[in-house]
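Asker: There's a structure below that I have some questions on.
The values are calculated or read from the model by the stated rules, or taken from the named source; none is laboratory data. Small disclaimer: the values here were computed from a predicted structure and weren't measured. Don't worry about glycine lacking a Cβ; one is built from the backbone with ideal geometry, like all the others, and counts go over all protein chains shown.
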Amino acid sequence: MRLVLIAAATLAALTGAVLPACAKDPITVVIDRAKVMRLPAPAGTVIIGNPGIADANVHDRVTLVLTGKAVGLTNLVVLDAKGNPIADEVLSVSKSQEGLVTVQKAASRYSYYCTPACNPAVEVGDAPDHYSQATSQIQTRNTFAQQTGATQP
């Protein structure tokens, strides 16, 4: 019996199955989508490790709205008014694959989101002309949306 326990412990250690007792799953956020996070106490300070990957907006003192900006991992630290930590989380930002269609023409790749009509998508590795054109169109759309949103009461 002792040999079985030693073998099981060795196998678990070699495969990485032993995790610290305090390890938590990361909070998953999708690029360009918002996710609500409730806090156990009022927030005084909110810190995102890499603001290029995710953003956190304070809706009210106990509610954050997390938004994914780029694929990757970062962390979120929330402190109360006295500087004591009330949340320390890992944020995992991923890209939605829903409706993503990739077209390969010889050595060139083209990406589209088809939900149900197809529109150009920006994916690293796409053909340079497709990528540039799609990026330009997306920037124009975002500028228009920001200007329109700013004029509404």
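Asker: For the subset of region 115-134 comprising residues that are of a type outside the set (A, V, I, L, M, F, W, C) and assigned to a helix (DSSP H, G or I), which member is nearest to the chain's Cα centre (by Cα)? Step through it out loud before you land on a result.
Answerer: Within region 115-134, the first condition is being of a type outside the set (A, V, I, L, M, F, W, C), and the residues that meet it are 115-116, 119-120, 123, 125-126, 128-133.
In the following step, the residues that additionally are assigned to a helix (DSSP H, G or I) were identified as 128-133.
Numbers: PRO128: 25, ASP129: 27, HIS130: 25, TYR131: 22, SER132: 23, GLN133: 25 Å.
Among those residues, the one meeting the criterion is TYR131.
Asker: If you don't mind, there's one more thing I want to ask. For region 57-101, how many residues meet the condition of being in contact with a strand residue (DSSP E or B) (Cβ under 8 Å, 6 or more places away or on another chain) and in a strand (DSSP E or B)?
Answerer: To start, the set of residues in region 57-101 that are in contact with a strand residue (DSSP E or B) (Cβ under 8 Å, 6 or more places away or on another chain) comprises 57-59, 62-80, 83, 85-96, 99-101.
Restricting the remaining residues to those that are in a strand (DSSP E or B) gives 57-59, 63-68, 72-79, 85-94, 100-101.
So the answer is 29.
Asker: Here's another thing I want to ask about it. Mind checking which residues of region 82-101 are small (Gly, Ala, Ser) and at pLDDT 90 or above?
Answerer: Within region 82-101, GLY83, ALA87, SER92, SER94 qualify.
Asker: Residue by residue through region 27-52, note down the ones that are under 14 Å from VAL77 (Cβ atoms) and either surrounded by 13 or more Cβ atoms within 10 Å (Cβ to Cβ) or of a type in the set (Val, Ile, Thr) (or both).
Answerer: ILE27, MET37, LEU39, ALA41, ALA43, GLY44, THR45, VAL46, ILE47, ILE48, GLY49, ASN50
Asker: Which of the following residues is at pLDDT 85 or above, part of a strand (DSSP E or B) and surrounded by fewer than 14 Cβ atoms within 10 Å (Cβ to Cβ): GLN104, GLN137?
Answerer: Values: GLN137 fails: part of a strand (DSSP E or B).
Going through GLN104, GLN137 in turn, the sole match is GLN104.
Asker: Now, a different point. Give the number of residues within region 75-103 that are in contact with a Lys or Arg (Cβ under 9 Å, 6 or more places away or on another chain) and farther than 19 Å from ALA34 by Cα.
Answerer: Going through region 75-103, the residues in contact with a Lys or Arg (Cβ under 9 Å, 6 or more places away or on another chain) turn out to be 89-90, 93, 96, 102-103.
Filter once more, so that each one left must be farther than 19 Å from ALA34 by Cα: 102-103.
Result for region 75-103: 2.
Asker: Then there is this: For LEU66, state whether it is closer than 11 Å to LEU91 by Cβ and at pLDDT 95 or above. Talk me through it step by step, then tell me what you get.
Answerer: Numbers: closer than 11 Å to LEU91 by Cβ: yes; at pLDDT 95 or above: yes.
For LEU66, the condition - closer than 11 Å to LEU91 by Cβ and at pLDDT 95 or above - is met.
Asker: Suppose we keep only residues that are modelled with pLDDT under 95 and among the basic types (Lys, Arg) within region 15-55. Which one would you say is nearest to ALA81 (Cα to Cα)?
Answerer: LYS24
Asker: Considering only region 91-101, how many residues are aliphatic (A, V, I, L, M) and surrounded by 15 or more Cβ atoms within 10 Å (Cβ to Cβ)? Explain how you work it out, then say what you get.
Answerer: At the first step, the residues of region 91-101 found to be aliphatic (A, V, I, L, M) are 91, 93, 100-101.
Of the ones still in play, those that are also surrounded by 15 or more Cβ atoms within 10 Å (Cβ to Cβ) are 91, 93.
The qualifying residues number 2.
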